[in-house]
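Asks: What follows is a structure written as structure tokens; I'll ask about it next.
The values are calculated or read from the model by the stated rules, or taken from the named source; none is laboratory data. Keep in mind the model is a prediction, meaning the values are calculated, not measured. With ideal geometry, Cβ positions are generated from the backbone for all residues, glycine too; neighbour counts draw on all protein chains shown.
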Amino acid sequence: MNPVRPSIRNTFILIFAVLFVGSFAVLFAMQQLGLQKPPTNTNTGVPITPGTLPGTGTGTKLAKFSSLEALREFLTAHAGSEVATGKALPMMERGSAAVGAPSDMMGTSPAPQGFGGGADYSQTNIQVAGVDESDIVKTDGKYIYSVSGNSVYIVSAYPPDNASVLAKIEFKSTPQNVYLNGNRLVVFGYDQVIYNRAAGLRIRPGSQYTFFKIFDVSDPKNPKQLRDLDFEGSYLNSRMIGDYVYLLTTKYSYNIFDDPYPLPRILENGDKLYNDPSAPGYVFPNVYYFDADYNGVNLTNVHAINVAKTDAAISTESYAMDYGQQIYMSQSALYITYTKYVSEDQLVYEASKGILLPRLSASDQKRVAEIEAVPAYILSSAEKFAKIQQIIERSMAGLSDEEVKQLQDQIMKIVKDKMPEIQKQLERTVIHKIAVSQGSLSYQGAGDVPGYVLNQYAMDEDGGYFRIATTKRRSWSQIDDQDSSTDSYSNLYVLDGAMRTVGSIENLEPGEQIYSVRFMQHRAYLVTFKQTDPLFVVDLSDPRNPKILGQLKVPGFSNYLHPYDETTLIGLGKNAVENEFGGATIKGLKISLYDVSDVANPKEIAQYSINDPSSDSPALYEPKAFLFSKEKNLLVIPVTLQGRGGGVPVPLMEPMMEKQGVSSDSATTIFPILPPRYDYFADAYVFSITKNSISLKGKIEHDFQQQTNDYRDASVKRSLYISDILYTISDAAIKANALSDLTEKAVLDLVKYPSGDDFTVVN
């Protein structure tokens, strides 16, 4: 026997097994989708075709369920399966055509049409003007509405001399965020008591619910609940435009298998099914799916709720898509994105299946298809794998050494030729576009681009074009002879109104990844990082031909970019220096001012650094904690420093020590399980900022010796101003200080206000 023969044969069997068996599910999925004979897309009347590589369709072609029965059939076919497809069912309807959308600009949340106190007051730091974002704190210039613990406090804030808590709305569930719309206060959060409240309804075990309540706060001392809704599913995100809140929830279908009403439930007043299919006049909502390979079914639901007219119907659309990660919303369109991953084995097989498939006999190909056709609840993927592997091994036994070598060479040549394209397909961001107008929802289309998107600020819409910056993360190839890796790199893409990519910049700064992005009209500013901080200025005036105008490299990085004016940026991030290992050592928090008036030569014109590696700020990752006013030369951010005055909160220790008759100095001896006394409470750092300078004006601390066991975090989480007063807010208190010299004007310790006759309690 030729001694080389077993080696060659085993090598090829391994390649064949990896490529074929690792991708047998894809073959069946394609057969089921009809991609060998493309099916007709019920949305546009054109064939659904795969992507650049066979089988790499983005899941962007739309189909719509026409009835509950069609949806139930789809869920029954795919619930619990590891491999499922978007095979068209016979009960589908035509979807909507793609249209463009007008542009928008960044801004702060619109001024609520409410009571009005101080003539000048700050609003939530939002991304798009006219598109409000929920937060834990809102103000109308006289009152502050603040989420703390399981309660929402309504505080008379201005003038500070008369500051007081007017009402406390206490929940048995956990409020997350609020909106303020005139005299309407919206509170939503995780409903922990739904099973007790909805005793007369069949509530699916394990389902999470998001409560959504609307209050009339025209009399802030007596808030009245106007609407009480519960949405089955986890809260994903939301926005408010005009009188409509667009609420996104997501619900995995593992526990709606064979359910008579498989759509996520909407409850009204805790005991009535809002979307009851048995009710007179019921209209089946829009529910869509795509030409995707489904690993189970996750329903992403978009609800449009009128908060001004509390008896108005709720508009809802549901989409069978992967769990949404980020959203961007303009005044006319909502964009939902998620990252999809495809195995290299799968893509390699798709690139070379023209060689592999003919090598199986017709009867073996038929057997493979029959095995794959068996439902997952009868044969698991592992069981299918074992059976298909037997077919492969039997088929390979009859090949000669020469045939093995020829096939191996053919496959590897195709694979290497396709490798750059394969690498781009491994990680992609899918973007779904939904038009919105006065509460109406209309699906427009979808596209996809390589890489993943960092956050909402990496997306933007302008002049009907959607712009998105992504990072393609580092990946390793199992097919390459050297088992090589591909460095990360960054990209910027421009998509038209039909979600087609029309412009791009790719392979930006290999080895680095995006840390922050800001779009401003016809430009984009990108920060990438590995050891230094390149700030790129990108021209987008021609959407089909974006260009890099200039770049600046400084130590460290910026996690958040905020416009000071049209030619100046504020960067909030960390300082860093290169270390002996070729990496970066973080030195501490940094605020920078960048002059981008000369786009070819951006400059860092001012900087403030905290040279403490433990320094951090919630504003790095939550822009709503970033308070800026150009007119007032004001910048406020919460800053944490390790060991700023003690560790285990004394209010938690004192009740225990009092019972033992010991002092706080003996605490570590009596209670050895307690950690050393370090804290990470955030103080408000108040800066004076101009176009050319940054300087620290002072700090505001929230240190409160609370007299109850209801300990709450005293970290400053938000700040706002009303006229000449700066308010800093933590879970424990609200503090008022003069903007001029930061002298203290008032302190409201929220924990000292228990429920009582003066407060409204809502379950």
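Asks: Quick one: is residue 604 charged (D, E, K, R) and modelled with pLDDT of 90 or more? I'd like the intermediate steps shown before the answer.
Replies: Working: charged (D, E, K, R): yes; modelled with pLDDT of 90 or more: yes.
Spelling it out, residue 604 is indeed charged (D, E, K, R) and modelled with pLDDT of 90 or more.
Asks: Here's another thing I want to ask about it. Kindly check whether there is at least one residue in segment 538-554 that is modelled with pLDDT under 85, in contact with a strand residue (DSSP E or B) (Cβ under 6 Å, 6 or more places away or on another chain) and more than 25 Å from residue 600 (Cβ to Cβ). Give the steps one after another, and end with the answer.
Replies: Of segment 538-554, the ones modelled with pLDDT under 85 are 554.
Subsequent filtering for residues that are in contact with a strand residue (DSSP E or B) (Cβ under 6 Å, 6 or more places away or on another chain) retains 554.
Among the residues that remain, those that are also more than 25 Å from residue 600 (Cβ to Cβ) are: none.
No, because not a single residue in segment 538-554 is modelled with pLDDT under 85, in contact with a strand residue (DSSP E or B) (Cβ under 6 Å, 6 or more places away or on another chain) and more than 25 Å from residue 600 (Cβ to Cβ).
Asks: Let me ask you something else. On the basis of being modelled with pLDDT of 50 or more and within 25 Å of residue 752 (Cα to Cα), does residue 679 make the cut?
Replies: On the way: modelled with pLDDT of 50 or more: yes; within 25 Å of residue 752 (Cα to Cα): yes.
It is true that residue 679 is modelled with pLDDT of 50 or more and within 25 Å of residue 752 (Cα to Cα).
Asks: Let me confirm something: among 527, 502, 554, 537, which residue is touching a residue at least 60 places away in the same chain (Cβ under 8 Å) and in a strand (DSSP E or B)?
Replies: Step by step, each of 527, 502, 554, 537 is checked, and only 537 is touching a residue at least 60 places away in the same chain (Cβ under 8 Å) and in a strand (DSSP E or B).
Asks: How do the strands (runs of 3 or more DSSP E) wholly within segment 577-631 filter down when requiring 1 or more residues that are over 30 Å from residue 722 (Cβ atoms) and among the hydrophobic types (A, V, I, L, M, F, W, C): which remain?
Replies: Values: elements: 584-595, 603-609, 627-629.
Passing ranges, in order: 584-595, 603-609.
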